[in-house]
1. Has the range 177-196 got any residue that is within 19 Å of the chain's Cα centre (by Cα) and over 28 Å from residue 77 (Cα atoms)?
2. Of all residues in the range 47-93 being under 12 Å from residue 117 (Cα atoms) and of a type in the set (S, T, N, Q), which is nearest to the chain's Cα centre (by Cα)?
3. Just wondering, is there one or more residues in the range 187-205 that are surrounded by fewer than 15 Cβ atoms within 10 Å (Cβ to Cβ) and either at pLDDT below 70 or within 24 Å of residue 119 (Cα to Cα) (or both)?
4. How do the pairs read when you match residues in the range 101-122 that are closer than 19 Å to residue 70 by Cβ with residues anywhere that are open to solvent by 60 Å² or more (accessible area, probe 1.4 Å) and modelled with pLDDT under 65, using Cβ under 7 Å and keeping only pairs 6 or more apart or on different chains?
5. With the structure loaded, tell me whether residue 116 is over 17 Å from the mean Cα position of the chain (by Cα) and assigned to a helix (DSSP H, G or I) or whether it fails that test.
6. Taking the residues in the range 154-172 that are in contact (Cβ under 8 Å) with a residue 40 or more places away in the chain and either of a type in the set (A, V, I, L, M) or open to solvent by less than 40 Å² (accessible area, probe 1.4 Å) (or both) as candidates, determine which candidate is nearest to residue 196 (Cα to Cα).
7. For the range 138-153, which residues satisfy the criterion of being surrounded by 15 or more Cβ atoms within 10 Å (Cβ to Cβ) and either in contact with a Pro (Cβ under 6 Å, 6 or more places away or on another chain) or part of a helix (DSSP H, G or I) (or both)?
8. Looking at the range 21-42, is at least one residue touching a Ser or Thr at 6+ places or on another chain (Cβ under 7 Å) and buried (at least 18 other Cβ atoms within 10 Å of the Cβ)?
Amino acid sequence: SGITLELHWAVSRPSDYFRLDPAGVRQRASVITFQGGEMRVPHPADQLLHAAAQGLREGFAEARRILDAAILLRSGAATAPGLVAQARASNLVAALWILLRLAERLCGSPETLPIDLEPPRWQRRSLELLDLPVVTVERQALGVHGMKIWIFAICAPSRGAVLRALWSTAFPGERGLLDDGHAPDALPGLSYRVGVGVRRMMLIGAVAGSMGWRMLDRTGGRNGRRK
């Protein structure tokens, strides 16, 4: 009937620091009639969180997630009761904040962002340095090596979680190797893992260095204007 279905064994991967609640999604869903049958539709808040999780995994390179968020925002999804609490419980505060900011900037959505959704200052500053609308429009997470890893790590719920995310991404354990598509009975050895780690650390270092230069450049620009 022209309906596309996605079958997931789980909404998040074993190595992800974020978790969605499939049981809660089913409980909060509403039932509508569609083409003579019943269809269960997730609550708008759950749709926002799912779009945020998908955007985080993709480096916010897919504009369709932002368009979905813009449509949901215009229907009042950002003010849904429990949205912020669900985002905190799922460790998706920063990812949801990015998604809503992008929808506001790129699609002209109304400014309905919950004030208590903002991530900590250190995290917000790190994300603002990326110039997120440009990252999305130019799909930099797909073209700039290490950008997707950097965004995923910076959106972790705490500084400690950021370091753990960087470490587990650079040096994947069994869970990370399974996420990368390796067969459980044919996991690569130590030399392969070290090689992957070195390459990924170089990518992360390059992006982190770029962020540092941007911060210095902006600081210098402000000082110059003050003079």
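The values are calculated or read from the model by the stated rules, or taken from the named source; none is laboratory data. Fair warning: this is a prediction, and the values are worked out from it, not measured in the lab. Backbone-built Cβ (ideal geometry, glycine too); neighbour counts: all protein chains shown. All accessible areas refer to the heavy atoms of the entire protein, side chains included, with ligands and DNA or RNA removed. Shrake-Rupley method; radii C 1.70, N 1.55, O 1.52, S 1.80 Å.
1. The answer is yes, given that some residue of the range 177-196 is within 19 Å of the chain's Cα centre (by Cα) and over 28 Å from residue 77 (Cα atoms).
2. 91
3. yes
4. Within 7 Å, the pairs are 104/111.
5. So residue 116 passes the test.
6. As a first pass, look at the range 154-172 and keep what is in contact (Cβ under 8 Å) with a residue 40 or more places away in the chain: 154-157, 161, 164-165, 168, 172.
Among the residues that remain, those that are also either of a type in the set (A, V, I, L, M) or open to solvent by less than 40 Å² (accessible area, probe 1.4 Å) (or both) are: 154-156, 161, 165, 172.
Details: 154: 20, 155: 22, 156: 22, 161: 21, 165: 15, 172: 8 Å.
Among them, the one singled out is 172.
7. 140, 141, 147, 148, 149, 150, 151, 152, 153
8. Within the range 21-42, not a single residue is touching a Ser or Thr at 6+ places or on another chain (Cβ under 7 Å) and buried (at least 18 other Cβ atoms within 10 Å of the Cβ).
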